[in-house]
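Below: one structure, written as structure tokens.
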Amino acid sequence: GESVGLHLPTLSVQEGDNSIINCAYSNSASDYFIWYKQESGKGPQFIIDIRSNMDKRQGQRVTVLLNKTVKHLSLQIAATQPGDSAVYFCAENNAGNMLTFGGGTRLMVKP
Amino acid sequence: EAEVAQSPRYKITEKSQAVAFWCDPISGHATLYWYRQILGQGPELLVQFQDESVVDDSQLPKDRFSAERLKGVDSTLKIQPAELGDSAMYLCASSSRTGRATEAFFGQGTRLTVV
């Protein structure tokens with residue numbers, strides 16, 4: 001079946017550096033994408049979203065890039081902090097409002 | 001700030017027993033999801049409701065799992081009988097229906113351990 005996946009299962013970065021987490025999706029009909037952050041023992045927390053009519057969206061310290069040509073999504077975190085340590089999931093949402101998750105990337109921030 | 005409420009937070013049950021989880025979505029949210037998350041993996045959709053109607057339950061093991069949302073507000077997910085492989089985090093999420101997809105908000109989940 002169609003799915004959302006991630007390239008890197010674990011990413012380790014130095015505090016203060018920028019982080020880039022990547023995601024590949026396969027459903028060309030998906031028109032809305034979300035990045036979630038999940039800390040241990042908690043539910044996923046919404047970070048940022050982007051619709052398919054955009055290729056970039058910025059939030060506070062985070063930027064999401066969407067490349068529909070190659071079906072690729074990335075999350076950039078500027079000046080990564082210890083509190084950013086978590087598992088990050090991308091999720092795609094199609095017209096039926098069905099939300100499909102990828103396998104996640106663990107971000108580890110070294111002090 | 002409105003939240004999705006789930007209970008219990010933790011549940012330990014013996015295999016072959018029945019177990020139930022409860023979810024109260026954010027007020028006004030028409031769409032409700034139940035996900036199962038195995039440690040180290042992404043959430044997998046079990047069932048999706050739009051108001052009181054099931055939109056998708058294709059991944060719900062219907063021989064043992066059931067879900068209902070009778071009044072289109074809160075929802076219950078039941079497992080009977082529980083099996084060892086059911087040990088996981090069960091997450092509930094809700095989103096508003098505005099004609100366009102919107103972000104889903106998650107509860108803190110119920111951690112189920114089957115022994």
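Taking into account only those residues within the range A:71-85 that are within 21 Å of B:PHE105 (Cα to Cα) and in contact with a Phe, Trp or Tyr (Cβ under 7 Å, 6 or more places away or on another chain), which is surrounded by the fewest Cβ atoms within 10 Å (Cβ to Cβ)?
The qualifying residue surrounded by the fewest Cβ atoms within 10 Å (Cβ to Cβ) is A:LEU75.
Quick one: in the range B:67-115, of everything that is surrounded by fewer than 17 Cβ atoms within 10 Å (Cβ to Cβ), touching a strand residue (DSSP E or B) at 6+ places or on another chain (Cβ under 7 Å) and under 21 Å from B:GLY28 (Cβ atoms), which residue is modelled with the lowest pLDDT?
That would be B:ARG97.
Of all strands (runs of 3 or more DSSP E) completely enclosed by the range B:2-66, which ones contain at least 2 residues that are at pLDDT 95 or above and not hydroxyl-bearing (Ser, Thr, Tyr)?
Where strands (runs of 3 or more DSSP E) fall fully within the range B:2-66 and carry at least 2 residues being at pLDDT 95 or above and not hydroxyl-bearing (Ser, Thr, Tyr), they are B:5-7, B:10-13, B:19-24, B:31-37, B:44-50.
Where the second residue is surrounded by fewer than 17 Cβ atoms within 10 Å (Cβ to Cβ) and part of a strand (DSSP E or B) and the first is within 11 Å of chain A (Cβ to nearest Cβ) and of a type outside the set (A, V, I, L, M, F, W, C) and lies in the range B:44-59, which pairs have Cβ atoms under 8 Å and are six or more apart or on separate chains?
Correct list of pairs: B:GLN48/B:VAL54; B:GLN48/B:VAL55; B:GLN48/B:ASP56; B:GLN59/B:GLU44.
What number of residues within the range A:86-97 are within 18 Å of A:CYS23 (Cα to Cα) and either surrounded by fewer than 23 Cβ atoms within 10 Å (Cβ to Cβ) or in contact with a Lys or Arg (Cβ under 7 Å, 6 or more places away or on another chain) (or both)?
Here the count works out to 4.
Any residue in the range B:78-90 that is among the aliphatic types (A, V, I, L, M) and within 14 Å of another protein chain (Cβ to nearest Cβ)?
Within the range B:78-90, one or more residues are among the aliphatic types (A, V, I, L, M) and within 14 Å of another protein chain (Cβ to nearest Cβ).
The values are calculated or read from the model by the stated rules, or taken from the named source; none is laboratory data. Fair warning: this is a prediction, and the values are worked out from it, not measured in the lab. Heads up, the Cβs are rebuilt from the backbone with ideal geometry, glycines too, and the neighbour counts pull from every protein chain shown.
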